[in-house]
Amino acid sequence: SPSNYVFFPRWMMLALALKPRDVVDVRLIEDVPPGSAVRLRPHRSEFLQISNHQAVLETELKHYSALTRGSTIPFDYMGKRYHFDVVDLRSSPRGEKVPMAKVQDCDLAAEFTKAKDQMKAKDKKK
């Protein structure tokens, strides 16, 4: 790429609500701790009906180098796109809550919370 230019993949442009030629500030963060646990909230309970959903999740997480608490990540499986909110992240080795964690080359324990489509109206307000 030319000097002072960065090319983002389409999914990242959409996630950041960027348009071509938008000006962004990109910084390299080198002190991201390795993750030990992540809690994800599926947007649809349909994902949990997949017989091997935990294995699917572990396979799909390998496509990410890091996760950020509060972000939404997509997975494609069997021709469908599923979205997940990153609800909680814990670092290794002490299990402290962190805003961001590396997930590649980590022994990451993943669990699910109640799907968005199963939450009651008062739960969604929290």
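We did not get these values from a lab; they are worked out from the coordinates using the rules stated. Nothing here was measured: the structure is a model prediction, and the numbers come from that model. Heads up, the Cβs are rebuilt from the backbone with ideal geometry, glycines too, and the neighbour counts pull from every protein chain shown.
Convert 20 °C to kelvin, take the viscosity as 1.002 mPa s, use the Kirkwood radius over C-alpha pairs of the chain as Rh, and evaluate the Stokes-Einstein diffusion coefficient in µm²/s, rounded to a whole number. Rounded, D is 132 µm²/s. All alpha carbon pair distances within region 1-44 were sorted into 10 Å bins beginning at 0; the resulting P(r) in whole percents reads 17, 35, 34, 14, 0. On a C-alpha basis, how far is the centre of region 49-126 from the centre of region 1-21 in Å? Whole number, if you could? Result: 24 Å between the Cα centres. Under a model in which nothing but the beta-carbon of Lys, Arg (+1) and Asp, Glu (-1) is charged, the chain shows a dipole of about 700 debye around its Cα centre.
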